[in-house]
Every structure is written in C-alpha cells, then in structure tokens.
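S.K.: Shown below is the structure under consideration.
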Amino acid sequence: MEFDTWANTPPHWRKDYGDDNHIAINTLGDFGDNKVSVASSFKDGSIWYAWIDYNGNQLEVRTNQTDERPNEPKLSQPLNLAEILGGTEAFIGFTSTTGGAFANHDILSWKFEQIVTRGDISYSPTKIKIGQPVTFIASVTETNIGNSSADTRWTIKKLSGETLYVSDEPADALTYIFTSSGTYLVTADIQGYPIAQNTITLLEIEVPEKPPIVVRAGETVKIKFRLPKIASADIAFVVDQSSSYKDDIATFKAKANELVKAFDQFGESVYYALTGFSDFPRFYDRTGDFAYRLHQALTGDKEKFIKQIKALTLYHGGDTPESQLEAIYQTVNKLQWRTGSLRIIFLATDANFHNRDWEYYYPGHGYTDTVYALLNNKITLYGLAGSGKMDDLTKLSKATGGNAYPLSANSREIVSHINKAFAALQTSGELVLKADNSDYVESITPEKIDIGKMSAGDEVQLTVTFKEGAFENVKFSLFLQTDKEAFLEKQPVILMNDRDFDSVKK
C-alpha cells in the first residue's frame, strides 16, 4: 500500500507517474492504473489517518485528516493475497524511500487487528418489484467493535459500481424503491465494515410484452401466446490456457469468432462472457497459473468480447489434468447471469479434468459439485474438444443435456451442430406459464406444454383462473418461459375487485 509524495516521470521511469500526492495498491511491484490522487497534501506537516482493510477478497484504503473513519473507501481492488503470496502467512510492516531527495516519514501509532462484523439482511416483501417499496432489515450476530444493528449504514449500488443510495444516518432498517431493472448490491455496514450484503436481481432482459388485460377477481380467462424466434441468451466461453493447448488455441480463436458471427441471426439478445484456466499456481509450484480467471463479464458488445478472445495467452498447467471443473464451478457462480435468459457454457479444452471427488488432496471443486451447480442454475454445457482426450468433456456435457464436438471438425459443421443445439433449447422440452406474484393466481392449465414439434410463430393457449378476494386492485405479470427458465413473452395483468371492475366496464 503506497502513500506517494513524489512525481516520477519519464524518461527515468517507464510509466508516467506524474502525481506527487496519491495512494496506490502495488501488486508484484506495479500498481497498473489503480491509483487515486488525494486533494490535500500529504507533506504539509499535518497528521493523517489511514485505514487499510482486507477481507480475503478485497483490499480497501481510506484516508482522512481526522480520526473519523470514512464510510466509503478512497481506493479498492479485488485481491487474492493467498494466491499471490503462495500461502496464508505473511509479514506486515513499513518501508520508505526518497531516492536522492529528502523526506521525513513519521508513524505516530499503528495497530493490526481482526475486525469481526457478521450479520444478515432480510427484506420484505420477498418478491421485489420495480416501482414498489421494499424494506431491508439488518441484524448483527457477531461484532467486536461494540456496535449494534441500530448503528447500521446502508449502501445500494448497481453491479457496475454506480452508487444509488448512501444513508445519511444510521438505522437498522431501510425502505427503498427500485425504479428500473438490473442487479443491485445492498450492503449494511458498521463504521464502514460490512456486516452483510445481498444481491438483488430484477428482470434484466427485454421480453416481448403484450397489452395488459383487465380481469375480475375469481374470473377465468384464456391467454394466447406465439412462440418467438429466440429467447435472450447468455453464453460463456471457458478456455484452457495451459501449455498443452498450444496446438489448439489458434483454432479455438477462429472457431469462437465464427460462432459469434453465427449467433448474429439472433440479434442483440445474446450476451457473451469469457473465462480461462490452467491450474492452481501453488499446487504445482507454477507461478502465474490460475484455476479460474474472468477475462470478460457478460456483455452485449461483441467487438469487446472478440478482443478478449484474441488476447488469450497460454501459461503452464503443471500436469495433464487441469482445473476445468473449478473453472466451470466459478464461472457458474461468479457470472451475473441475466434473469430469464437461456444459459450456455462452451468449454474448450484438450485434457481430462482434476476431480476433487476422488483426488482428496486437490484444492478445487469436484465433478459432483460442478454438475449440481450447472443444473441448479439451468445451464447447458457444450464441449469444444481439442486434440487430446474427450472422455471427461463428453461426460460433463451430456450430464447437462449438451454434447461435445471436436474442435478439429469442419467449421461449418461445428456451427451447424451448435446452431441446432442452441435452437433446440427453446424448441424442445416444455413451456410453463408463471406469475411474478402467485398470490393472486388460483390455477393455470395446462401446467406444461410440450413444444417438441412446435415452431416459431405457433400459437399457445393457456387458461388462467384468478383468486377471489376483497383485495385492492393489483398489477402483476405472467411470463411464458421454457423449462430452462428462459422468458419468452410477458402478459401484464390488472386484477380488480368487483366494485372497481364493474365501474370500469360501465
């Protein structure tokens, strides 16, 4: 962690560090672009306070000219120190340098302590809707800094990092209204130390929407849908970056580019992500290796995705089996898959898998955990097999309803196979109709519709009976979706009590 009061500039430095008052996080001797200027001078003789926090995943730095710890960090960076250092033990200390100049650095006091703040966030209603208030409640289960849930401060951010709300005063509850779709991080903290964080996902994809229907409580209506050409899809490529893949990496890059072009027929409804793997770096003493790495989060920007594909390079790997299962498991759990999208993973590799199910010493996840994660998240996996073995790749693909294809096959053949498989995800299996608020729906018949022999444009009809009751008028939606939970069409509903319904009819 660097506090710098000198501007280092070319030609004596390979980069222009022309900022004589900044903080930065240096990793392996370099801070890249991760530095922040500080407005007030560090070297005017004033006393400064700093807080450096690390939770195992994120390093945060706060500075102030009083001893009041700021709620928001001045600088933060995702960091896996155990992976960088090769273990869980390290020294903590200080160093300084002035080159040929002079400066006086005084550390007036410091302490190292483990801060414990654990708790939970509950919210009501549990089904959050756009435009309707939701109340979050914080509860502290363990803390060593002498505070209770009444001292909680709240922050709501978009997944992009944009801050939407920061509480002015501490309170154990927060009522908030989300005004648009997206994924949000709701954080409760005490003195800037998080006690809990919830991820709230509201409908993120644009679904074809029918005009709203107005119905009476207790009424039965028939609702018609037409099968669209394609649902929105999230596609992640997980790529082998071990040294054994050197004979296949160029072929994969070309094939990935062709696949993306082939999916152009589905328009802007397809998002892409890219992750990679070689193996655990310290497991085989190979510095620089990794069991999982995110190269590109899900994006609708195809050019940005292809740029990341072209930039892929190879590392070591250490042995023949690699960390495919760990990479898949992390891809499933760390990508922000869109609600209501078809979810697909392409795994490109030429080697069999390390498997924790029987390699008890191996630090990664096993086959059982990985298959469960894929199925639980409704993700279908397809294999792109290199010049090596296909046994494990074929087994994993078929366990999710997918298949494996040789990377060496004719490009048009691969594209044809994948296109058919891609289309089959919504033209085979079953359709179901679900309400985003089931409290007002008595029944939906038929419960499922077999679409194995149906085509885009075919009509689907379902009968919906709404519950009786003396409730106020409510608005909600019915979603036609596949058995992969991909949304195809939306039917807004306005449910009225007898009095208001008769008034509208008049």
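The values are calculated or read from the model by the stated rules, or taken from the named source; none is laboratory data. Keep in mind that what you see is a predicted model, and the values were worked out from it rather than measured. Quick reminder, even Gly has a Cβ in these numbers, built from the backbone with ideal geometry, and neighbours come from all protein chains shown.
S.K.: Which one of the conditions (1) of a type in the set (A, V, I, L, M); (2) free of Cβ contacts under 8 Å to residues at least 12 places away in the same chain; (3) touching a Lys or Arg at 6+ places or on another chain (Cβ under 7 Å) does Leu164 fail to meet, given that it meets all the rest?
M.R.: That leaves (2) as the condition not met.
S.K.: Hey, any hits in the stretch 439-451 for a residue that's within 30 Å of Tyr245 (Cα to Cα), modelled with pLDDT of 80 or more and part of a strand (DSSP E or B)? So that I can check it myself, show each step before the final result.
M.R.: From the stretch 439-451, those within 30 Å of Tyr245 (Cα to Cα) are none; that's our starting set.
Scanning the stretch 439-451 turns up no residue that is within 30 Å of Tyr245 (Cα to Cα), modelled with pLDDT of 80 or more and part of a strand (DSSP E or B).
S.K.: As an exercise: evaluate Gly56 against (1) over 14 Å from Glu2 (Cβ atoms); (2) not assigned by TED's automatic domain parsing to the domain that holds Asn8 and give the number of the one condition it does not meet.
M.R.: Every condition holds for Gly56 apart from (2).
S.K.: Could you list, in sequence order, the residues of the stretch 72-107 that are under 21 Å from Asn34 (Cβ atoms), under 33 Å from the mean Cα position of the chain (by Cα) and not in a strand (DSSP E or B)? Lay out the reasoning, then the answer.
M.R.: The first filter runs over the stretch 72-107 and keeps only residues under 21 Å from Asn34 (Cβ atoms), leaving 72-85, 90, 92, 94-97.
Of the ones still in play, those that are also under 33 Å from the mean Cα position of the chain (by Cα) are 72-85, 90, 92.
Once the filter is applied, which keeps residues that are under 21 Å from Asn34 (Cβ atoms), under 33 Å from the mean Cα position of the chain (by Cα) and not in a strand (DSSP E or B), the stretch 72-107 yields Glu72, Pro73, Lys74, Leu79, Asn80, Leu81, Ala82, Glu83, Ile84, Leu85, Ala90, Ile92.
S.K.: Are there any pairs with C-beta distances below 8 angstrom linking a residue in the stretch 360-373 that is in contact (Cβ under 8 Å) with a residue 12 or more places away in the chain to a residue that is of a type in the set (S, T, N, Q), with the two at least 6 apart or on different chains, and if so which?
M.R.: Final answer for the pair search is Tyr362/Asn355; Gly364/Ser323; Gly366/Asn355; Tyr367/Asn355; Val371/Thr400; Ala373/Asn333.
S.K.: Separate question: Scanning the stretch 22-47 for residues that are surrounded by 16 or more Cβ atoms within 10 Å (Cβ to Cβ) and modelled with pLDDT of 85 or more, which turns out farthest from Asn80 (Cα to Cα)?
M.R.: Phe42
S.K.: Still on this model: Filter the stretch 357-386 down to residues that are within 22 Å of the chain's Cα centre (by Cα) and part of a loop (DSSP other than H, G, I, E, B) and give me whichever is nearest to Asn403 (Cα to Cα).
M.R.: In this case the residue turns out to be Lys378.
S.K.: Looking only at the stretch 310-338, which residues are in a loop (DSSP other than H, G, I, E, B), surrounded by 18 or more Cβ atoms within 10 Å (Cβ to Cβ) and polar (S, T, N, Q)? Even if it seems obvious, please write down each step before you answer.
M.R.: Initially, the stretch 310-338 is screened for residues in a loop (DSSP other than H, G, I, E, B), giving 311-321, 323, 335-338.
Those left that are additionally surrounded by 18 or more Cβ atoms within 10 Å (Cβ to Cβ): 312, 315-318, 321, 323, 335, 337-338.
Of everything in the stretch 310-338, just one residue is in a loop (DSSP other than H, G, I, E, B), surrounded by 18 or more Cβ atoms within 10 Å (Cβ to Cβ) and polar (S, T, N, Q), namely Ser323.
S.K.: Just one of Val238, Val221 is more than 22 Å from the chain's Cα centre (by Cα) and either modelled with pLDDT of 75 or more or not in a loop (DSSP other than H, G, I, E, B) (or both); which is it? Walk me through it before giving the result.
M.R.: On the way: Val238 fails: more than 22 Å from the chain's Cα centre (by Cα).
None of the other options fit; the residue is Val221.
S.K.: While we're here: Against the definition (more than 24 Å from the chain's Cα centre (by Cα) and part of a loop (DSSP other than H, G, I, E, B)), how does Lys389 come out, yes or no? Lay out the reasoning, then the answer.
M.R.: Working: more than 24 Å from the chain's Cα centre (by Cα): yes; part of a loop (DSSP other than H, G, I, E, B): yes.
Yes: the conditions hold for Lys389.
S.K.: Give just the number: which of (1) among the β-branched types (Val, Ile, Thr); (2) modelled with pLDDT of 85 or more; (3) outside the structural domain of Thr155 (by TED's automatic domain parsing) does Ile121 not satisfy?
M.R.: (3)
Results for (1) surrounded by fewer than 18 Cβ atoms within 10 Å (Cβ to Cβ); (2) at pLDDT below 75; (3) in a strand (DSSP E or B), shown as yes or no for each residue.
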residue: Ser408; (1), (2), (3): yes, yes, no
residue: His417; (1), (2), (3): yes, yes, no
residue: Leu431; (1), (2), (3): no, yes, yes
residue: Ser477; (1), (2), (3): no, no, yes
residue: Lys484; (1), (2), (3): no, yes, no
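S.K.: Looking at the stretch 103-113, which of the residues that are free of Cβ contacts under 8 Å to residues at least 24 places away in the same chain and exposed (fewer than 13 other Cβ atoms within 10 Å of the Cβ) is nearest to Ala171 (Cα to Cα)?
M.R.: Taking the stretch 103-113 and keeping what is free of Cβ contacts under 8 Å to residues at least 24 places away in the same chain, we get 104-107, 109-113.
Okay, now just the ones that are also exposed (fewer than 13 other Cβ atoms within 10 Å of the Cβ), so 104, 106-107, 109-113.
Details: Asn104: 43, Asp106: 38, Ile107: 35, Ser109: 32, Trp110: 30, Lys111: 29, Phe112: 29, Glu113: 26 Å.
Per the criteria, the residue is Glu113.
Conditions tested, residue by residue: (1) of a type in the set (A, V, I, L, M, F, W, C); (2) out of contact with any helix residue (DSSP H, G or I) (no Cβ under 9 Å at 6 or more places or on another chain); (3) modelled with pLDDT under 90.
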position: Phe266; (1), (2), (3): yes, no, yes
position: Ser269; (1), (2), (3): no, yes, yes
position: Ala273; (1), (2), (3): yes, no, no
position: Ser278; (1), (2), (3): no, no, yes
position: Leu294; (1), (2), (3): yes, no, no
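S.K.: Any chance the stretch 342-356 includes a residue that's at pLDDT below 85 and not in a strand (DSSP E or B)? First the steps, then the outcome.
M.R.: First pass over the stretch 342-356, keeping only residues at pLDDT below 85: 342.
Going one step further and asking which of them are not in a strand (DSSP E or B), we end up with none.
Looking through the stretch 342-356, none of the residues is at pLDDT below 85 and not in a strand (DSSP E or B).
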